[in-house]
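Chemist: This is the structure, below, for whatever I ask next.
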Amino acid sequence: MSLFVKGKPMKSIRHVATLAGLVIATSVHNAAMAALPNIPKPAGGGIGGASVQDGDWLSMMGAYFKVGFTILGLVLGALAFFAVIAGALKRWKEYSDGRVHLGELKEFLIVGIVVVVFIIMMVNYAMQTLA
């Protein structure tokens with residue numbers, strides 16, 4: 001005895017399992033509508049400093065958007081800091097090997113410090129603008 005789908009016999013147990021899975025999935029979909037936990041509100045409020053009210057998903061998305069950009073700015077600042085440190089160590093090795101002069105090493109360190117301070121100022125300005 002073979003099972004039929006649209007007048008054609010099923011060829012393998014895979015078809016039977018697929019059909020059974022489809023029937024189970026369509027009949028059990030109401031059980032997945034359970035009560036979900038509330039999403040915690042981020043500290044600091046939403047964009048523009050507005051407080052996030054319960055159930056206001058748009059302001060909550062704005063608050064998480066603000067937090068995400070703040071974290072991204074801090075990560076980029078840290079990467080810039082590490083890039084300057086790595087470049088300074090490379091320049092120090094070149095100075096130790098005698099390939100560059102002391103003035104070039106000092107120039108790199110001064111410019112690197114200025115760049116890192118500028119990036120920190122820009123991240124701080126972005127955080128204040130979003131607040």
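Nothing in this text is a laboratory measurement; each read-out follows from the coordinates by a stated rule. Worth saying up front: this structure is predicted, and the values here are computed from it rather than measured.
Chemist: Please work out whether the range 72-128 counts as rounded, prolate or oblate from its C-alpha gyration tensor, where a ≥ b ≥ c are the square roots of the eigenvalues and a/c under 1.5 means rounded, while otherwise a/b larger than b/c means prolate and anything else oblate? Working shown, then result.
Modeler: Details: a/c = 6.96, a/b = 2.52, b/c = 2.76.
In terms of gyration-tensor shape, oblate.
Chemist: Of the residues G46, G87, G98, which exhibits the maximal mean-square fluctuation in a Gaussian network model of the chain defined by a 10 Å Cα contact cut-off?
Modeler: Ranking G46, G87, G98 by mean-square fluctuation puts G98 first.
Chemist: So what are the ³J(HN,Hα) numbers for the range 102-107, from phi and the Karplus equation (6.51, -1.76, 1.60; θ = phi - 60°), rounded to whole Hz, Gly and Pro as x?
Modeler: Running phi through 6.51 cos²θ - 1.76 cosθ + 1.60 with θ = phi - 60° gives 4, x, 5, 5, 4, 4 Hz.
Chemist: Compute the orientation-averaged projected area for the chain from the convex hull of its Cα atoms and round it to one decimal in nm².
Modeler: Working: hull surface 71.6 nm².
Hull-based average projected area comes out at 17.9 nm².
Chemist: So if each residue of separation counts as 0.36 nm, and I subtract the Cα-Cα distance between T129 and V23, what length gain in nm does that give?
Modeler: Working: separation 106, 0.36 × 106 = 38.16 nm, distance 5.33 nm.
This chain segment gains 32.8 nm when fully extended.
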